[in-house]
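The values are calculated or read from the model by the stated rules, or taken from the named source; none is laboratory data. As the structure is a prediction and not an experimental result, all values here were calculated from the model. Here the Cβ positions follow ideal geometry from the backbone for every residue, glycine too, while neighbour counts run over all protein chains shown.
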Amino acid sequence: MKKIKVLFVCLGNICRSPAGQGALQKLVNDSELDHIFEIDSCGTAGYHIGALPDPRTRKVAQRAGIQLTHHARKFNPSTDFEDFDYILAMDDSNFESILSLAWEPWQKEKVTMFRRFDDQQKDGLNVPDPYYGTIKDFELVQEIVTRTSKGFLNFLKSKGILT
């Protein structure tokens, strides 16, 4: 079976996108679906290349039973459009940044707003950036990415991609 390859994208790849990657990975692991998924994350900017996720992101994820060991990397249009089936942007700005790097229609079709899969969102499709906030902001992001990851898996099931 062909793996379902998912890429989460935020700005610096130390807060939202690794939180999303970790939340989805935990769900697929708990559902014993890890053998059919490849999940990664990256940023549109290269501010933190090689760094672990923000300590606050790791702390909140750890409380949810998620160990974040990903090292930040920058989105690579030469390989990421080809390698991933779903490129999930965490906010409008990063969505537009990724689309600006796409040169073919099939590349643009892979890019979507992650919160499109959040059935409880009421305030738009952006996952709020917690970087300049408090631990409560990181907890909110963890709640959002966990809930939205469940919605993403439900979407895959509804499309017959995942059974």
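Would you point out the residue of segment 39-66, among those that are exposed (fewer than 15 other Cβ atoms within 10 Å of the Cβ) and farther than 21 Å from residue 134 by Cα, that is modelled with the lowest pLDDT? So, considering only residues that are exposed (fewer than 15 other Cβ atoms within 10 Å of the Cβ) and farther than 21 Å from residue 134 by Cα, the one modelled with the lowest pLDDT is 46. Would you say residue 99 is under 26 Å from residue 161 (Cα atoms) and either of a type outside the set (Lys, Arg) or more than 15 Å from the chain's Cα centre (by Cα) (or both)? The answer is yes for residue 99.
Yes or no, residue by residue, for (1) in contact with a Leu (Cβ under 9 Å, 6 or more places away or on another chain); (2) within 18 Å of residue 20 (Cβ to Cβ); (3) at pLDDT 95 or above; (4) among the charged types (D, E, K, R):
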| site | (1), (2), (3), (4) |
| --- | --- |
| 75 | yes, yes, yes, no |
| 83 | yes, yes, yes, yes |
| 86 | yes, yes, yes, no |
| 107 | yes, no, yes, no |
| 114 | yes, yes, yes, no |
| 121 | no, yes, no, no |
| 124 | no, yes, no, no |
| 131 | yes, yes, yes, no |
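Scanning segment 123-163 for residues that are surrounded by 18 or more Cβ atoms within 10 Å (Cβ to Cβ) and either on the phi > 0 side of the Ramachandran plot or aromatic (Phe, Trp, Tyr) (or both) gives 138, 152. Of all residues in segment 147-158, those that are touching a residue at least 12 places away in the same chain (Cβ under 8 Å) and under 11 Å from residue 114 (Cα atoms) have Cβ atoms under 6 Å from Cβ atoms of residues that are assigned to a helix (DSSP H, G or I) and not hydroxyl-bearing (Ser, Thr, Tyr), 6 or more apart or on another chain, in 148/114; 148/115; 148/117; 149/23; 149/24; 149/27; 151/117; 152/117.
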